[in-house]
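Scroll down for the structure; my scribbles are underneath it.
Taken together, the values in this text are just the output of simple stated rules run on the coordinates, not laboratory data. Keep in mind the model is a prediction, meaning the values are calculated, not measured. As a convention, Cβ positions derive from the backbone with ideal geometry for all residues, glycine included, and neighbour counts pool all protein chains shown.
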Amino acid sequence: MPLYAFAFGRVGVVASDLYLLDPRFGDDGSEQGVRLEVRIFEARDLPGSMASARPIAVEQPIWRADLLESIANPGSLDRAHHHPRFVGEWEPGDRHFVDEMTADPLGFVGKRLSDLDALLDDAGISGDEVDSSDAEELRRAVPEILDAVQRLLDGVRHGPSLAAVDPTTFARVGWL
């Protein structure tokens, strides 16, 4: 299960493949795809000498894109949606299905990542919580981030099978 992380000043992006089984909805409850989140990153103090490894914390989510599809419709991204706001610090708000995302999921994600100010505004987070260079650094990294997301999407069809999971229990496989 790969996890990609792109960190800038105080903002970063994490992306991983994701497999969900929700027995409340039968076969329609199984989803697979890629989850991408814009998060606050924190470089912590060195725990030892100048040569020690630096602890890095991946903290509060700002925005989430779920490039998901029902297991029954591989390759469709028929459940692609995003969460522009989180409730508290960790719970996602409602799923937002938008035509632009349905038509071009990667294009939508790239466009959203290119406008950090809008993401922060939608999330109700002050721009004072990020470094002034974060928006430009993120914008420059969008092609690399989308390349990683495409590799994850390509690998989803070969990821772990949920067929071996007890269909009466909820399962979530993935970093995010």
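Quick look at the values:
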quantity: Theoretical ellipticity at 222 nm over the chain - DSSP helices of four or more residues, -39500 (n - 2.57) apiece, nearest 500; calculated: -8000 deg cm²/dmol
quantity: Relative contact order computed over region 3-161 (Cα-Cα under 8 Å; 6+ residues apart), in percent; calculated: 20 percent
quantity: Cβ-based net charge around Arg35, under 12 Å, with every Lys or Arg adding one and every Asp or Glu removing one; calculated: 0
quantity: Stretchable slack from Ala53 to Met1, in nm (0.36 nm times residue separation minus alpha-carbon distance); calculated: 16.4 nm
quantity: Full-stretch length increase - Asp121, Ala72 - with 0.36 nm per residue and alpha-carbon distance subtracted; calculated: 14.0 nm
quantity: Residue of Pro74, Pro84, Pro105 that the Gaussian network model of the chain assigns the largest fluctuation, springs spanning Cα pairs under 10 Å; calculated: Pro74
quantity: Top of Ser49, Ser132, Ser70 by mean-square fluctuation, Gaussian network on the chain, Cα under 10 Å; calculated: Ser49
quantity: Listed residues Leu113, Leu21, Leu68, most fluctuating in the chain (Gaussian network, C-alpha, under 10 Å); calculated: Leu21
